[in-house]
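The values are calculated or read from the model by the stated rules, or taken from the named source; none is laboratory data. Model, not experiment: these values are computed from the prediction. Here Cβ is always computed from backbone atoms with ideal geometry, including for glycine, and neighbour counts include all displayed protein chains.
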Amino acid sequence: MQLWNGILNITVLGSGTSVGVPTIGCRCEVCTSSDSRDRRLRPSVLVRYGERAVLIDTTPDFRQQALRANIDRLDAILYTHAHADHIMGLDDVRPFNFRQRGPIPVYGSAETIIAIRNCFGYIFDNGYKESSIPRIEARLFQEDPIDLHGLEFLPVPLSHGRGTVHGFRFGSAAYLTDHSDIPGASLAKLQDLDVLFLDALRHKPHPTHSTVERSLKHVEQLAPRRAFFTHICHDLPHERTESRLPPHVRLAYDGLEITVEIKP
Ligand SMILES: [Zn+2]
Ligand SMILES: [Zn+2]
Ligand SMILES: [Zn+2]
């Protein structure tokens, strides 16, 4: 049951691969580029609708991303998976706890929540602490849509090498980071999209990530109105790569904002 309708806003907080672009120590054409779209923080998006703001993943760059996008509240965090480039900024949700005077609900698969517990043991340790820690409420999702203030976020299972991660569909938009393939049952959940974000690391094949060529095939198959590639490494210069893509397929870049109309 979808209650919320209106204009939804998606802000790309980071469009880069796990090490970011520029990559430490690298002097390649993209890492030294003067095009601001070639500077890519770790991958994440913010979804705003009405008064609400939902964050997908807390990257190691989250503090910088939140400052740049002027994020002043967080109603929930959805996790795609627990790789370091998607979770390591969790400690930086503390200012939202102070501002909102309460915990933030955090959603993940059972595997993701266990990994976050292992990684951030101090958050879940109930002993007395002298300094502040993030206050979160961990909530598990499976196949069912997650209702966040009237907007449903549908978890979409994806193959990430040998592992399974989740993308999310909300209204006519979907965000699918880190995947090497999209299983058939998930393709069925991605029909009739206005906007599709998907992983396109580089041209050369990779065991856990999609390539420009493979993601173009998925775009062709799913036929969204617009598609944006993300989780991009330093092999892809923004301008030159885009010039070879069909006009409805673009490379995401940090700071990109997209609006989507959510109909009842
Ligand atoms: Zn990643
Ligand atoms: Zn480089
Ligand atoms: Zn990953």
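A few notes on this one:
- Of the criteria (1) surrounded by 19 or more Cβ atoms within 10 Å (Cβ to Cβ); (2) within 19 Å of P22 (Cβ to Cβ), which one D235 fails: (1)
- All strands (runs of 3 or more DSSP E) inside the stretch 20-124 with 2 or more residues being within 16 Å of ligand 3 (Cβ to nearest atom) and at pLDDT 95 or above: 44-49
- Filter pass, P157 being surrounded by fewer than 22 Cβ atoms within 10 Å (Cβ to Cβ) and in a strand (DSSP E or B): yes
- Filtered residues of the stretch 3-20 (kept if within 20 Å of N70 (Cβ to Cβ), out of contact with any helix residue (DSSP H, G or I) (no Cβ under 7 Å at 6 or more places or on another chain) and not aliphatic (A, V, I, L, M)): N9, T11, S15
- Top-ranked residue of the stretch 1-19 - restricted to ones that are more than 16 Å from ligand 2 (Cβ to nearest atom) and part of a loop (DSSP other than H, G, I, E, B), ranked as modelled with the lowest pLDDT: M1
- Pairs, first small (G, A, S) in the stretch 167-196, second more than 16 Å from ligand 3 (Cβ to nearest atom) and part of a loop (DSSP other than H, G, I, E, B), C-beta under 6 Å, six or more apart: S172/L193; S172/D194; A174/L193
- Some residue of the stretch 192-201 being surrounded by fewer than 22 Cβ atoms within 10 Å (Cβ to Cβ) and among the aliphatic types (A, V, I, L, M): yes
- Answer residue from the stretch 34-61, given it is under 16 Å from I136 (Cα atoms) and of a type outside the set (S, T, N, Q) and is nearest to ligand 2 (Cβ to nearest atom) among those: D57
- When the stretch 38-64 is limited to residues that are hydroxyl-bearing (S, T, Y) and in contact (Cβ under 8 Å) with a residue 40 or more places away in the chain, the one that is surrounded by the fewest Cβ atoms within 10 Å (Cβ to Cβ) turns out to be Y49.
- In the stretch 216-264, residue nearest to H203 (Cα to Cα) [restricted to those that are charged (D, E, K, R) and within 16 Å of the chain's Cα centre (by Cα)]: D254
- Close pairs from the stretch 211-223: first free of Cβ contacts under 8 Å to residues at least 40 places away in the same chain, partner assigned to a helix (DSSP H, G or I), Cβ under 6 Å, at least 6 apart: L222/L190
- Test for V93: is it β-branched (V, I, T), more than 16 Å from ligand 1 (Cβ to nearest atom), within 18 Å of the chain's Cα centre (by Cα) and buried (at least 20 other Cβ atoms within 10 Å of the Cβ): yes
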